[in-house]
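Contents: one structure, followed by commentary.
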Amino acid sequence: MILESVITCPHCAIAKSEAMPTDACQFFYTCTGCGATLHTAPYYLAMIAPVLVLASGVVSVDFYAWLSLAVLILGGSTIIWWATERAWGKFS
Ligand SMILES: [Zn+2]
């Protein structure tokens, strides 16, 4: 997994788009403009935090959507089965 991130150097204000592998411990980034070493950990956190929130939110929404759908299907089929039984019981 590689995330594309724009790193803006606070020393020379050069913005550079960097492909940052999330599995690499690249917490330090050397600026190509002035050669200053930047701490990229805050950038990682700024990128990862919303993604995690979004991912967990999507997963839970999907899970509860599936759960409610399953309950709806089970409940609906049970009601239909029960109603059909009652109807058939009445008719026979
Ligand atoms: Zn710089």
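The values are calculated or read from the model by the stated rules, or taken from the named source; none is laboratory data. Predicted, not measured: the structure shown is a model, and the values here were computed from it. Reconstructed Cβ throughout: ideal geometry from the backbone, glycine too, with neighbour counts over all protein chains shown. The area values use the complete protein model at the heavy-atom level, side chains included, leaving out ligands, DNA and RNA. Shrake-Rupley method; radii C 1.70, N 1.55, O 1.52, S 1.80 Å.
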| request: Take the residues in the range 19-32 that are within 13 Å of the ligand (Cβ to nearest atom) and open to solvent by less than 50 Å² (accessible area, probe 1.4 Å), then tell me which one is modelled with the highest pLDDT. | output: 31
| query | For the subset of the range 33-46 comprising residues that are near the ligand (Cβ under 8 Å from one of its atoms) and open to solvent by less than 50 Å² (accessible area, probe 1.4 Å), which member is modelled with the lowest pLDDT? | reply | 38
